[in-house]
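What follows is a set of notes on a single structure, which appears directly below.
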């Protein structure tokens, strides 16, 4: 399965929100957004991801939950794919934007950082990164 480039810097604790089975496709993406801590304190960023695949497997990474964090949810139909994915990042992933083949539009996180367009198209499988 091809993977996209890495966005943000490679520091913190590595994580993988990928399925244990290669053929699994994402059914539901939950994203938490909120005020960052540490060297990004005060910025509005993506803080957590929970992925549920069509095989009912589920994984999540949620860094420093706080009151005031907001949850965004995108649920895919079995034949629905990403038609556009934009990642906004500098040293952290500030935002994720996904448009689907059925017209759904998820915007999670803030508007800071550089927008990297056309990051991925097709079936969403998972995420890799680092947090800390």
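Right, residue 98: in contact (Cβ under 8 Å) with a residue 40 or more places away in the chain, part of a strand (DSSP E or B) and within 25 Å of residue 40 (Cβ to Cβ) or not?
Criteria met by residue 98.
Quick test for you: out of 112, 129, pick the one residue that is modelled with pLDDT under 95, within 25 Å of residue 41 (Cβ to Cβ) and not in a loop (DSSP other than H, G, I, E, B).
Going through 112, 129 in turn, just one is modelled with pLDDT under 95, within 25 Å of residue 41 (Cβ to Cβ) and not in a loop (DSSP other than H, G, I, E, B): 129.
Pick out the one residue from 106, 124, 74 that is farther than 25 Å from residue 40 by Cα, in contact (Cβ under 8 Å) with a residue 60 or more places away in the chain and either in contact with a strand residue (DSSP E or B) (Cβ under 8 Å, 6 or more places away or on another chain) or surrounded by 14 or more Cβ atoms within 10 Å (Cβ to Cβ) (or both).
Details: 106 fails: farther than 25 Å from residue 40 by Cα; 74 fails: in contact (Cβ under 8 Å) with a residue 60 or more places away in the chain.
Only one candidate qualifies: 124.
Does region 87-98 hold any residues that are modelled with pLDDT of 95 or more and either over 18 Å from residue 26 (Cα atoms) or surrounded by fewer than 17 Cβ atoms within 10 Å (Cβ to Cβ) (or both), and which are they?
Within region 87-98, none qualify.
The values are calculated or read from the model by the stated rules, or taken from the named source; none is laboratory data. The shown structure was predicted, so the numbers you read here are calculated from the model rather than taken from an experiment. Virtual Cβ from ideal backbone geometry, glycine too; neighbours counted across all protein chains shown.
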